[in-house]
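Working notes for the structure below.
The values are calculated or read from the model by the stated rules, or taken from the named source; none is laboratory data. All figures in this text were calculated on a predicted structure; none of them were measured in a lab. Backbone-built Cβ (ideal geometry, glycine too); neighbour counts: all protein chains shown.
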Amino acid sequence: MALTDWDDQVWDRMFRLATAFVQDLIPDITNGANHYLNPSLVLKTAGKLPSWADPEKVVMEVARHRFYRL
């Protein structure tokens, strides 16, 4: 059984969207972030934030997620 149906319209749309991001055809709204996390969820599950989660490296926040550029 295949993981995806190559004729699936949703898969095709997501593939085209991902390709556009990779080709820089869609602006990066995260200001160059290369890491993200939900601090509340991480603290609840792991008990502490990862060492790379430096507050000075936060480039934006969306809802409960922090985006970091390291």
- prompt: Does residue 68 fit the bill of being at pLDDT 95 or above and in contact with an Asp or Glu (Cβ under 9 Å, 6 or more places away or on another chain)?
  reply: yes
query: Taking the stretch 16-50, which residues are among the polar types (S, T, N, Q) and farther than 12 Å from residue 68 by Cα?
result: 19, 23, 40, 45
- request: Could you grab me the full set of residues in the stretch 15-48 that are hydrophobic (A, V, I, L, M, F, W, C) and assigned to a loop (DSSP other than H, G, I, E, B)?
  value: 25, 26, 29, 33
Filter result (in contact with a helix residue (DSSP H, G or I) (Cβ under 8 Å, 6 or more places away or on another chain) and either at pLDDT 95 or above or under 14 Å from residue 33 (Cβ atoms) (or both)) within the stretch 49-65: 49, 50, 53
task: Scan the stretch 4-14 and give yes if some residue there is loosely packed, with under 12 Cβ neighbours inside 10 Å, assigned to a loop (DSSP other than H, G, I, E, B) and of a type in the set (Ser, Thr, Tyr), otherwise no.
output: yes
- line: Selection from the stretch 26-61 of residues surrounded by 10 or more Cβ atoms within 10 Å (Cβ to Cβ) and of a type in the set (Lys, Arg) yields 57
